[in-house]
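A quick write-up on the structure given underneath.
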Amino acid sequence: TKFVQFLTKSNQSAVDSIDLDHYHIGSSQSTSFLGLILDNTLTWQLHIDKICTKLKTGCYILRSLKSCLLVDNLKMIYFSYIHSVITYGIIFWGNSASSDEVFKLQKRAIRIITNTHSRTSCRVLFKELNILPLKSQYILSLVMYVAKNINDFTINSDNHSINTRYKANLYPPLLRLTKYQKGVYYTGIKIYNCLPSKLRGLINNKIQFKKELKKFLLRGSFYTVEEYLDWTSMHDLHALYL
């Protein structure tokens with residue numbers, strides 16, 4: 001039996017072992033929980049390494065079969081061997097710095113399916129295949145998590161009586177720890193609050209809400225969270241949702 005002591009960059013003083021009721025328990029730098037590998041600084045690097053290994057296998061299968069299968073058949077393989085791996089637990093690791101390694105392999109798979117050059121831009125290809133780029137998938141999964149657990153969040157109007165344009169927004173807790181700000185709860189609030197009001201108006205109908213949210217994210221084909229947060233600068237989205 002081993003334990004994991006979670007640390008921050010400013011606090012790297014870890015305990016090597018503990019003794020409890022005559023049992024000696026050693027420390028570990030990582031642990032596996034429900035298929036997710038958590039390292040002691042929550043960088044998600046070990047889990048992403050595991051994902052990348054699976055995605056390379058998926059890309060190999062696609063490359064081996066692309067000469068004898070149609071695009072629709074290759075998409076089925078993509079969703080079986082790549083999409084399913086990418087989406088599992090993405091709300092936890094999708095905002096980490098190392099997630100770009102996963103995105104590169106996702107783009108490799110998209111180019112294999114469409115039989116395009118390794119330097120070809122994938123933005124249009126994602127839209128043509130009706131597949132979300134990694135960060136757009138992360139946003140979709142995170143927003144749906146917030147929508148399904150909306151009662152666990154506080155609304156601005158519940159926190160103060162001032163009538164502002166942001167009164168219907170979710171209230172973000174005032175915490176300085178960077179790891180927390182990059183986590184599911186805090187980032188979920190930030191991303192949800194940036195949704196077009198037309199979309200948020202559908203939140204009581206989860207099926208319709210998810211359908212329209214995916215349409216919005218496909219139109220934007222966002223490569224980064226920052227692109228999404230600045231979606232009002234995109235003319236085609238601006239005209240449709242404002």
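The values are calculated or read from the model by the stated rules, or taken from the named source; none is laboratory data. All figures in this text were calculated on a predicted structure; none of them were measured in a lab. Cβ sites come from the backbone with ideal geometry, for glycine too, and all protein chains shown count toward neighbours. These area figures cover heavy atoms from the full protein model, side chains too; ligands, DNA and RNA do not enter into them. Shrake-Rupley method; radii C 1.70, N 1.55, O 1.52, S 1.80 Å.
Observations on the structure shown:
- Of all residue pairs spaced 6 or more apart or on separate chains, none has beta-carbon atoms under 9 Å together with a first member in segment 219-236 that is touching a residue at least 60 places away in the same chain (Cβ under 8 Å) and closer than 16 Å to Val143 by Cα and a second member that is assigned to a loop (DSSP other than H, G, I, E, B) and of a type in the set (D, E, K, R).
- Restricted to segment 66-152, the set of helices (runs of 4 or more DSSP H) holding at least 1 residues that are within 26 Å of Gly35 (Cα to Cα) and open to solvent by less than 50 Å² (accessible area, probe 1.4 Å) comprises 71-78, 84-87, 90-93, 99-114, 134-148.
- Among the residues here, Thr57 does not qualify as modelled with pLDDT of 95 or more, out of contact with any Cys (no Cβ under 8 Å at 6 or more places or on another chain) and either farther than 27 Å from Glu128 by Cβ or surrounded by 15 or more Cβ atoms within 10 Å (Cβ to Cβ) (or both).
- Counting the residues of segment 207-242 that are in a helix (DSSP H, G or I) and either open to solvent by 50 Å² or more (accessible area, probe 1.4 Å) or aliphatic (A, V, I, L, M) (or both) gives 22.
- Neighbours by Cβ (under 7 Å, 6+ apart or cross-chain): first from segment 88-103, in contact (Cβ under 8 Å) with a residue 60 or more places away in the chain; second basic (Lys, Arg) and open to solvent by 70 Å² or more (accessible area, probe 1.4 Å): Asn95/Lys182
- Test result for Leu195, buried (at least 18 other Cβ atoms within 10 Å of the Cβ) and not charged (D, E, K, R): yes
- Every residue from segment 198-211 that is in contact (Cβ under 8 Å) with a residue 12 or more places away in the chain and either in contact with a strand residue (DSSP E or B) (Cβ under 8 Å, 6 or more places away or on another chain) or within 22 Å of Ser233 (Cα to Cα) (or both): Lys198, Leu199, Arg200
- Lone unmet requirement of (1) closer than 30 Å to Cys68 by Cα; (2) modelled with pLDDT under 90 for Val124: (2)
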